[in-house]
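What follows is a single structure, written as structure tokens, with notes after it.
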Amino acid sequence: MGIIGLATLPKNLFPDANPPKIVVITKVPGATAKVVASTVSKPIETELSRLGLVTDISSVNVANMSIVSAEFGYKKGLNAAAVDVANALNIAKAKIPAGLNPAIYTAGDFTLPVDVLALSPKNDSITLPEIRKIADSFIKPRLLSNKNIGNVEVFGGYQSSINVEIDPFKAKKYGVNFDSIVKVIMSNNKDIPVGFIKGKNSFFTVTIYGEKDNILKLENLLIKPNVRLRDVADVKWGYQKRTSGYIGNSKESIALAVQRAPGGSVLDVSKATRAEMKKLQKKYPNINFEISDTQRDLIEQSNTNMLEALRDAVIYTLLVIMIFLGNFRAIIAAGLSIPMVFFTTIAIIWMTGGELNIVIYTAIILALGMLTDDAVVVLENIERHLNETKEDLQLAIKNGTKEVLSPIFAGTFATIAILFPLMFIGGFPQKIFKPLVETLIIALLVSYFLSITFIPLLSAYLYKNGTSKTKIEKLFEWFYQNTIGRLVKPYEGIIKYSNGGGLFRYVRRVVLTLGIIAFFIFSLKNVMPTIGKDAMPPMDTGIIVAHISFSSNETVDHAEDKLKPFLKWLNKQAWLKRSSIAFGSEPGVLSLGSGNLPTEATITINAVNRFKRKLSLWQLENIIRDKLASIEGVKRDDVYDFGATALSSIKATVDTRIMGSNLQGMSKYANELKKGMQKVKGFTSVSQSWDKDFTEYIIDVDRNKALRYGITPFQIAMQLPIKGQIVSLNANLESMNTQFVRLYLKDRFTKNLETLKLFPISTRFGEIPLSQVATIKKNITYAKIERNNMLYSLDVNGYRAKRPVTHLTEDTIKAIKNIKNDNFTIEQTGDIAQINDSFKRMAKAIGIGVIILIMSLISIYKSVRMAFIMILVLPLSMIGAAWGMMLFNKPSCMPSLLGILLLFGIIIKNAVLLIDFYQQYRKENSAFESAINSVTVRFRPVMMTAFGTIAGMIPIALEQAIGLERLSPLADVAVGGLLIGTLLTLIYVPMYAYMFDKKDKNLKGVGNG
């Protein structure tokens, strides 16, 4: 089952960690961002804010579209959240303009495209608008019919529609006004269900089919006696005005973003997509199919690297066992135990419906040192009984196993007890680390079971010919005794020093205690502030994201043209694999460009993995940023690594959010804050999420003049068909495809201001030019407006390379503290908010874990004194943890806090081994002699456990897999903590054990002085 699980389990990079999110998108034709925000988004936000477990309400408002997002707590399921939002919208619809239809979409980790297919023309026989039509009508349904594919979004502009371009002068000639054209098209081009006829033995529906299924029929539509639509307008099958565009691998394309279902496997979806793509390439030979963005390469590389890291960890661990024991039998026992534990753990994950990712593999690697320890401790103790007590084989197996049964159980239980609370702390840490803790617990339990069942049975075979050693084994034994083994005497010397010197022994104990406490305080006070804090450390995935923008008044076509020199340079780079560029937004598309203005682009660049290039990801980012900054007219050039923030909903590493009930002055205040933040060391770029920089034309109607002509401003607005109003649907009944019928003015009447002034307006006194009743003037307004938690909001975002978040945030607060505005409030909503929440939860888990550990040890050993002696050494291991993070140049973060929990589990396991043997010797010896003997006898297994675990963690600490940068602090903490903690455990646990032994108060000084 383990082999089946390894082959068939879903494989992703990390566990799904984003909370449930529902997005409501509403198309508002002709409305500005300000109108959209006040009349559509605000009423929807009000209703959504009343829902249970909602944690954040935000909206992005651009011309013609409202995007409202509601984020919920993890306890709220995605489906339940969607139902609640749908119910809230039913109430909100009564408060928004009539005729609008908000659409609901679910969002989460699954929103990120698994693969993006870029479809471009192979030759002149097909155009992008035609490819868009094929993609919408045929390719998307084909992909969705595959059961492995969750969703497909089509993006790139050129949305097919039938455009009716009216010539106002021809309309005037025939006495036709625009309102009548709209009414005729809407009434005649519609299927009308009349009813049904029901007879005794028959049933028939009655319908009038009015939809025009081709251009010719629509052109010949009578809009007035003897006047057809073609007489006053050009009817064309084209596409609506472009507000979005896509460039895949430097080619103008139509993108198909293929997504997985919630909880689905990235690799399964990608395999299904590429199998379908091969079939589609044959069916559409004139269309070029390419992969322009993918998660697959990253996950496959990471999974391969993790298996290689697991292999290396096994080799390192077995080597440590050989160095410490010089025993091929121990190697055989460990070598058999490791795959059995590995495949049993995978089998349990498979049976419980889990998945494989970096977190799961890391848990298995972390467990290696601990699980081999159980097996080797049993084997080593059986061999000791054979050599020292001269028992027969079966009796030695029985007594040797029985003797270590209690400490192995206590150590395993203690490790599980301290890790267990992390599974229930809630929030982001639980979502990320619960799979790791679950896997560790499974591996530990399997290891314990095998050590007391399989290893004793295996011992009967391994020792059937005695305990004699080969020359190689003797060589390793000699090496141990003359290197690491020599450390036993110094340890014994320190214990003796603490009890020597007559009355001065108390002074010595105080010096030893206060000395280590002082070093502990010094380490935490000086090291921790220096290294700083992160939610999750940066990682080099090989994926670079850039967000650029041009003037809000430019077109998509113009912005695409400006980017061509950059694309030409990019294609020449040896490290480039593929690129994906999405301009603007499209309603209903969340995976590409959601919330972008037409001249804003999100660029995703896939580079070869870090093992195949000389430059780091952050060096590449600097090069790309410089190239983008040199583009003519670029206003924003943020370049950062994929996964730069802990959650996708966090906009930037440092996000200074301005909030207020009024927009006036917000953009100016943001510019001042931006200048302050640009002085902070460590930011690669600083930008604001929106600005007051969009030029609009305002038609200022003179009401008195308009009334003289018997017309109102509203009636004037209704005669200006320049927003691409949808007046009907045109259906091809055979293929079940629909085309929007959109009403426009002919191009020559919309290309400049002067032609608009001459536009004929119908009045009851005849037609007059627009300029007769109105003046047209320029105004600077907002192209985009954002809101958060019922207030207007503007984010000043700071992006970094690798400097810790806390250092950046602290410096940002200092840099802007004197920049104040009484009309607005500011708060830090970047990674620092997640850090504060996660660290509180993790600290709580550590505290609860220690309490559970104390209670467990008291119940196992029936001694409060011994329990606290074992616990007291845990803080001392923090010394090594702090210096370990500094040595590896890593900040304190969630993985490092998990590393502390894991460190505590291993340290307490070693302490258990010492105390267990102390208590056994204490039955026949004095407390001091028992302390000395516990160190002498258990030195080798304690050191082997520590160094075996360190050896297993080396691949993680060295980041031997893509994505391990995120989890390597866990190993850094454990390695540093184990090195120092184990050394201190062998001193202070025995020392305090005999010092506080109530049965032996009259200790005599022993030692040299």
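Below is a table of values for the structure above.
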quantity: Segments 513-524, 688-699, 373-384, 411-422 sorted - mean Cβ within 10 Å per residue, highest first; calculated: 373-384, 411-422, 688-699, 513-524
quantity: Extreme residue, positive dipole direction of the chain, given options G798, T483, I698 (C-beta unit charges); calculated: I698
quantity: Dipole of the chain [Lys/Arg +1, Asp/Glu -1 at C-beta], most positive-end residue of S877, M65, I543; calculated: M65
quantity: Relative contact order of the chain, defined on C-alpha pairs under 8 angstrom at six or more residues apart (%); calculated: 18 percent
quantity: Solvent-accessible area per residue for segment 806-942 (1.4 angstrom probe, square angstrom); calculated: 39 Å²
quantity: Within the accessible area of the chain (1.4 Å probe), percent carbon and sulfur; calculated: 58 percent
quantity: Separation in nanometres of the label points that stand 7 Å from Cα toward Cβ, at L144 and E290; calculated: 2.7 nm
quantity: Using alpha-carbon coordinates, inclination of helix 805-816 to the longest axis of the chain, degrees; calculated: 50 degrees
quantity: Cβ-Cβ FRET estimate between D124 and Q573, R0 fixed at 35 Å, reported to 0.05; calculated: 0.75
quantity: Amide H contacts of K802 (H built 1.01 Å from N, under 5 Å, at least 5 apart or other chain); calculated: none
quantity: Option label - P(r) over Cα pairs in 20 Å bins from 0, in percent computed here, alternatives (i) 11, 36, 28, 16, 7, 2, 0; (ii) 12, 40, 35, 12, 0; (iii) 11, 36, 33, 15, 5, 1, 0; calculated: (i)
quantity: In degrees, nearest ten, helix 78-92 long axis to first principal axis of the chain (Cα); calculated: 30 degrees
quantity: Residues of segment 626-708: accessible area per residue with a 1.4 Å probe, Å²; calculated: 49 Å²
quantity: Residue-span extension gain [I3 to L319] - 0.36 nm each, minus C-alpha spacing; calculated: 111.2 nm
quantity: Cut-off under 5 Å, modelled amide H: who pairs with Y246 long-range; calculated: S253, F583
quantity: Residue-span extension gain [Y174 to L487] - 0.36 nm each, minus C-alpha spacing; calculated: 102.0 nm
quantity: Nearest-ten-degree value, helix 617-629 long axis tilted from longest Cα axis of the chain; calculated: 20 degrees
quantity: Eligible aspartates and glutamates near K489 by straight Cα distance, threshold 20 Å, same-chain separation 8 or greater; calculated: E477, E929
quantity: Two-site label geometry, E388 and S859: point separation in nm, points 7 Å out along Cα→Cβ; calculated: 3.1 nm
quantity: Size of electric dipole in the chain: Cβ of Lys, Arg +1 and of Asp, Glu -1, about Cα centre, debye, nearest 20; calculated: 840 debye
quantity: By accessible area with a 1.4 Å probe, ligands and nucleic acids excluded, highest first: order of E554, E153, E438; calculated: E438, E554, E153
quantity: Stretch gain in nm, segment R940-V511, where the contour uses 0.36 nm per residue and the Cα spacing is subtracted; calculated: 151.7 nm
quantity: Student exercise, segment 306-427 dipole from Lys, Arg, Asp, Glu Cβ charges, in Debye to nearest 20; calculated: 100 debye
quantity: Accessible surface, 1.4 Å probe, highest first, among residues R613, R230, R703; calculated: R703, R230, R613
quantity: Set of aspartates and glutamates near K817 by C-alpha distance (under 18 Å), chain-local residues within fewer than 8 positions excluded; calculated: D655, E672, D795, E827
quantity: Distance in nm between pseudo-label sites at D822 and A80 (7 Å out along the Cβ direction from Cα); calculated: 4.6 nm
quantity: Theoretical FRET efficiency, 1/(1+(r/R0)^6), r = Cβ-Cβ of N553 and A518, R0 60 Å, to 0.05; calculated: 0.35
quantity: Solvent exposure of segment 32-146 as accessible area per residue, Å², 1.4 Å probe; calculated: 42 Å²
quantity: All lysines inside 16 Å of K890 as judged from Cα atoms, apart from same-chain residues fewer than 8 positions distant; calculated: K533, K802
quantity: Cα-centred dipole magnitude for segment 351-406, charges only on beta-carbon of K, R (+1) and D, E (-1), debye, nearest 20; calculated: 80 debye
quantity: Cross-link pairs beyond the 24 Å C-alpha cut-off, checked among K21/K675; K402/K909; K635/K778; K562/K675; K692/K778; K577/K651; calculated: K21/K675; K562/K675; K577/K651
quantity: FRET efficiency estimate (nearest 0.05) - Cβ-Cβ, A261 to K802, R0 41 angstrom; calculated: 0.75
quantity: Extreme residue, positive dipole direction of the chain, given options L897, A670, F433 (C-beta unit charges); calculated: A670
quantity: Pairs from K93/K820; K431/K784; K170/K757 whose Cα-Cα separation, in the structure shown, is over 29 Å; calculated: K93/K820; K431/K784
quantity: Residues in segment 575-610 reached by a label modelled at I623 [backbone nitrogen below 19 Å; 7 Å Cα→Cβ]; calculated: 575-580, 603-610
quantity: In range of the label at K635: residues from segment 573-597 whose backbone nitrogen is under 14 Å from the point 7 Å along Cα→Cβ; calculated: 584, 596-597
quantity: Nonlocal amide H pairs with D293, under 5 Å, H built at 1.01 Å; calculated: V116
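The values are calculated or read from the model by the stated rules, or taken from the named source; none is laboratory data. Quick caveat, the model's predicted, so the values are computed rather than measured. Backbone-built Cβ (ideal geometry, glycine too); neighbour counts: all protein chains shown. To get the accessible areas, we keep the full protein, side chains included, count just its heavy atoms, and leave off ligands, DNA and RNA. Shrake-Rupley method; radii C 1.70, N 1.55, O 1.52, S 1.80 Å.
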